[in-house]
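What follows is a single structure, written as structure tokens, with notes after it.
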Amino acid sequence: MDGYSLLHAWRDLAPNAPRHSARAREALIRVLTQYADSVGTPVTLFFDGAGAPKDVPKNISTDSIVVATTGMISRELYEQRNQMNQSRENDFLTVGSMGHASQIALGIAKANPSKKVVCIDGDGAALMHLGGMAIVGTNTTGNLLHIVLNNASHDSVGGQPTVANKISLTAIAKGCCYKNVEGPIKSKSEIIKLIRKLDQIKGMRFAEIFVKSGSRADLGRPKESPLHNKEIFIVKLRNR
């Protein structure tokens with residue numbers, strides 16, 4: 001069973017708790033455990049938050065430079081690289097610098113105009129430094145794909161809501177003069193088609209992808225320090 005789908009549909013369960021919170025998850029687990037015990041039927045429950053869909057890194061060119069925003073997105077990208085046995089040398093995890101990923105990615109793109117650069121951003125981070133989108137969109141040097149995963153919440157710091165579901169980041173990107181703007185995207189098939197399309201286009205591109213809020217309770221963290229991550233990334237970047 002999809003835990004988050006049940007929680008969003010069952011509003012009376014833990015009514016004062018955010019749907020992606022530990023309190024809501026624990027309440028659902030208690031109820032389903034009691035149900036399973038009473039009927040003698042095992043129940044499998046999973047909480048699969050879509051913070052950084054697997055389809056994004058899977059369909060990005062393997063030689064792309066990837067800059068991921070702070071929090072769950074970086075953690076999920078790190079885990080997915082391990083699961084897919086992919087190198088992490090091309091990934092820069094922007095730990096503790098909310099809102100700065102797009103500008104780091106832009107700097108790399110300007111310094112390496114022949115390379116593909118991808119920024120995997122969050123709605124909260126994009127909103128925090130909204131002016132950064134204008135800087136990226138009006139830039140004419142480099143190849144940068146700016147992806148915003150929009151779950152309308154600050155998942156990494158408690159799940160507080162953002163206003164990203166009340167405005168259009170896609171419309172803002174168009175106003176900021178990105179060469180290509182796509183979104184909002186909602187389905188898996190659309191994500192795969194979109195990423196493959198934008199991966200082949202040069203210049204400043206933007207994509208907004210709607211995702212579920214919440215993340216797995218057992219989502220790991222990078223084993224290496226941010227300093228180590230930076231050092232191996234710089235070495236790889238210089239030797240490209």
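List the residue pairs whose Cβ atoms are under 7 Å apart, where the first residue sits in segment 107-121 and is among the β-branched types (Val, Ile, Thr), the second is surrounded by 14 or more Cβ atoms within 10 Å (Cβ to Cβ) and part of a helix (DSSP H, G or I), and the two are 6 or more positions apart or on different chains.
Once the first residue is among the β-branched types (Val, Ile, Thr) and sits in segment 107-121, its partners that are surrounded by 14 or more Cβ atoms within 10 Å (Cβ to Cβ) and part of a helix (DSSP H, G or I) give Val117/Ala105; Val117/Ile108; Val117/Ala109; Ile120/Val56; Ile120/Ile73; Ile120/Leu77.
Is it fair to say Asn90 is modelled with pLDDT under 80, assigned by TED's automatic domain parsing to the domain that holds Gly124 and on the phi < 0 side of the Ramachandran plot? Can you show your working first?
On the way: modelled with pLDDT under 80: no; assigned by TED's automatic domain parsing to the domain that holds Gly124: yes; on the phi < 0 side of the Ramachandran plot: yes.
Here the answer is no, as Asn90 does not meet what is asked.
Failed condition for Gln83, given (1) under 17 Å from the mean Cα position of the chain (by Cα); (2) modelled with pLDDT under 85; (3) surrounded by 13 or more Cβ atoms within 10 Å (Cβ to Cβ), with all others met?
Of the numbered conditions (1) under 17 Å from the mean Cα position of the chain (by Cα); (2) modelled with pLDDT under 85; (3) surrounded by 13 or more Cβ atoms within 10 Å (Cβ to Cβ), the odd one out for Gln83 is (3).
The values are calculated or read from the model by the stated rules, or taken from the named source; none is laboratory data. Small disclaimer: the values here were computed from a predicted structure and weren't measured. Here the Cβ is made from the backbone with ideal geometry for all residues, glycine too, and neighbour counts use every protein chain on show.
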